[in-house]
1. Give the relative contact order (percent, whole number) for the range 111-158; include only Cα pairs under 8 Å separated by 6+ residues.
2. For the range 45-60, take each phi angle, set θ = phi - 60°, evaluate the Karplus expression 6.51 cos²θ - 1.76 cosθ + 1.60, and give the result in whole Hz per residue in order, putting x for glycine and proline.
3. Express in whole angstrom the spacing between the alpha-carbon centres of the range 56-101 and the range 21-44.
4. Tell me, what ³J(HN,Hα) does each residue in the range 109-114 have, in order and in whole Hz, if you take phi through Karplus 6.51 cos²θ - 1.76 cosθ + 1.60 with θ = phi - 60° and put x for Gly and Pro?
5. Provide Glu14, Glu41 in ascending order of the number of other Cβ atoms located within 10 Å of each residue's Cβ, fewest first.
6. Using Cβ counts within 10 Å as a stand-in for footprinting exposure, how do Cys102, Cys51 rank, fewest first?
7. Kirkwood hydrodynamic radius, the range 81-158, all distinct C-alpha pairs: what's the number in Å?
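Derivation of every value follows stated rules applied to the coordinates shown; laboratory data play no part. A quick note: this is a predicted structure, and the numbers were derived from the prediction, not measured. So basically every Cβ, Gly included, is an ideal-geometry build from the backbone, and we count neighbours across all protein chains shown.
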Amino acid sequence: VTLSPYRLRVDGQEHRVVDGRLGDSLLRVLRDRLGVTAVKEGCATGDCGTCAVLVDGTLVNGCLVLAAAAAGREVTTASGLSHDGGATDVQRAFAEAGAVQCGFCAPGLVLAAHELLTRTPAPGDAQIREALSGNRCACAGFERVVEAVRRVAAGRSS
Ligand code: FES
Ligand code: FES
């Protein structure tokens, strides 16, 4: 089924999706139609978290969400978290803690960490692990990621 043209707002930019199909995932439309390569594709089955984006501030896996369901909402990728074009404190902490190696998982992990710290400014380790449990990283090791989130929480409270 081909849909009527609809609008997607991604990182503050308006896009118009023409000839979209009903079953198109948000991941497919972002990457293939709109060229938003900040969103990575891993498993495409909801298991790795590399395709994570925020839709109106809620963390979702782009491969599991229909693109048309995000029409008229605010989609945010890891590239859109910073309002001044620089790195956010979360992105800096990931780099400083050595939590980014190949970087493939980083956008999804950064978004998951950002979302956690927005709703829970001082998370405990169990909350950090729970919040990041949907994201896989094959390189850096999870401890470094947890350490990065601890650093951000400590930095924001000091
Ligand atoms: S690509 Fe979406 S969860 Fe893996
Ligand atoms: S840094 Fe390579 S998968 Fe996480």
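1. Numbers: 22 pairs, mean separation 22.4, N = 48.
Worked out over the range 111-158, it gives 47 percent.
2. Karplus-based 3J(HN,Hα) across the range 45-60 equals 10, x, 9, 10, x, 5, 8, 4, 9, 9, 10, 6, x, 9, 6, 9 Hz.
3. What the calculation gives is 14 Å, centre to centre.
4. After applying 6.51 cos²θ - 1.76 cosθ + 1.60, I find 5, 5, 5, 5, 5, 4 Hz.
5. Working: Glu14 8, Glu41 18.
So the residues, fewest neighbours to most, are Glu14, Glu41.
6. Going from least to most buried by this count: Cys102, Cys51.
7. Over the range 81-158, the inverse of the mean reciprocal pair distance is 12.3 Å.
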